[in-house]
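Peer 1: After the structure tokens below, expect a handful of questions from me.
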């Protein structure tokens, strides 16, 4: 395993937890991302499980930077020992730049989907039976034309960053059929799809979104304003 990748990952996680306005929630997000039980993390660190639980719930003061480093190192070590380093490998794969990604970000804690839609002045075009009672853990802002030209089964996962519980936002698209077809045929699905100022919305795109149980939203917000709004949700 490339040690440099592990160091970059450790720095990213430690920074997110330390700087987060809700460090307990951010700690929980990363623990669940690594698919590690509270008990396993506590055992590795030689702590009572209640200590981890109290950190995550906010009942205990946020751990200091040295404790955060120990927790992050535990994530990486447990991932390698129990899961063969699968999460670390995902990061190694992810660092390769994907043509067409304008911006990509992981939120320090989960954002309610309804809040995100409201903040970007979104209009839902799928049926009301498609629930928006979900969480968003990040976003990927995508140049629709460039991405569809270069997208393959191998680089498609690059759109998802650290979590599939994210919003994929496509810009520079005409009718939105191609992005939904790409999502339809790949087993990995986002929580939310947003079209930025599409020329129109093909009924097939709506049907495909509904078939996959994914809310489809339209926003006419100027692109740079949209990007800034998406970023500000994580601060």
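Peer 1: At each listed q (0.09, 0.12, 0.15, 0.16 Å⁻¹), what is the log10 of I(q)/I(0) that the Debye formula gives for the chain modelled as equal alpha-carbon point scatterers?
Peer 2: Relative scattering, expressed as log10 I(q)/I(0), comes to -0.41, -0.70, -1.02, -1.12.
Peer 1: Angle, helix 3-19 long axis vs. longest principal axis of the chain, Cα atoms, 0 to 90°, nearest 10?
Peer 2: Taking Cα atoms only, the helix is inclined about 90 degrees.
Peer 1: Can you give me the angle between helix 23-33 and the longest principal axis of the chain, using Cα atoms only, in degrees from 0 to 90, rounded to the nearest 10?
Peer 2: With both axes taken from Cα atoms, the answer is about 80 degrees.
Peer 1: Does region 3-92 come out rounded, prolate or oblate by the C-alpha gyration tensor, with a ≥ b ≥ c the root eigenvalues, rounded set by a/c under 1.5 and, if not, prolate when a/b is larger than b/c and oblate if not?
Peer 2: oblate
Peer 1: Can you give the helix-only mean residue ellipticity at 222 nm for the chain, where every DSSP H stretch with n ≥ 4 adds -39500 (n - 2.57) and the sum goes over all residues, rounded to the nearest 500 deg cm²/dmol?
Peer 2: Calculated at 222 nm, the ellipticity per residue is -14500 deg cm²/dmol.
Peer 1: Mind giving me the FRET efficiency for residue 102 and residue 174? R0 is 22 Å, r the Cβ-Cβ distance, nearest 0.05 is fine. Let's see the in-between values first.
Peer 2: On the way: r = 18 Å, r/R0 = 0.80.
Result of the calculation: an efficiency of 0.80.
Peer 1: Next question, about the same structure. Could you give the angle, 0 to 90 degrees to the nearest 10, between helix 65-83's Cα long axis and the longest principal axis of the Cα atoms of the chain?
Peer 2: 70 degrees
Peer 1: For a protection proxy built on the mean count of beta-carbon atoms within 10 angstrom, sort 164-174, 100-110, 33-43 highest first, please. Please report the intermediate quantities before stating the final value.
Peer 2: Details: 164-174: 21.5, 100-110: 19.1, 33-43: 16.6.
Result, highest mean first: 164-174, 100-110, 33-43.
Peer 1: Under 18 Å from a point 7 Å along the Cα-to-Cβ line of residue 204: which residues of region 162-183 have their amide N that close?
Peer 2: Only 173-183 pass the distance filter.
Peer 1: Also, I was wondering about something else. Give, in nm to one decimal, the length gained when the segment between residue 82 and residue 211 is fully stretched (0.36 nm per residue of separation minus the Cα-Cα distance).
Peer 2: 42.9 nm
Peer 1: If neighbour count is taken as other Cβ atoms inside 10 Å, put 177, 31 in order from fewest to most.
Peer 2: Ordered by Cβ neighbours within 10 Å, fewest first: 177, 31.
Peer 1: For each of 111, 130, count neighbouring Cβ atoms within 10 Å of the residue's Cβ, then give the residues from fewest to most.
Peer 2: 130, 111
Peer 1: Sorting check: for 63-76, 220-233, 15-28, which peptide has the highest mean count of neighbouring beta carbons within 10 Å, and how do the rest follow?
Peer 2: Details: 63-76: 16.9, 220-233: 15.0, 15-28: 18.6.
Result, highest mean Cβ count within 10 Å first: 15-28, 63-76, 220-233.
Peer 1: If you don't mind, there's one more thing I want to ask. Classify region 97-232 from the C-alpha gyration tensor, please: rounded if a/c falls under 1.5, else prolate or oblate depending on whether a/b exceeds b/c.
Peer 2: Rounded is the answer for region 97-232, as its axis ratio a/c remains below 1.5.
Peer 1: So if I take the centroid of the Cα atoms in region 172-235 and the same for region 6-78, what is the distance between those two points in Å?
Peer 2: 33 Å
All of the numbers you see were taken from the coordinates with simple rules; none came from a lab. Since this is a predicted model, take the numbers as computed values, not measurements. Positions of Cβ are backbone-derived with ideal geometry, glycine not excepted, and every protein chain shown enters the neighbour counts.
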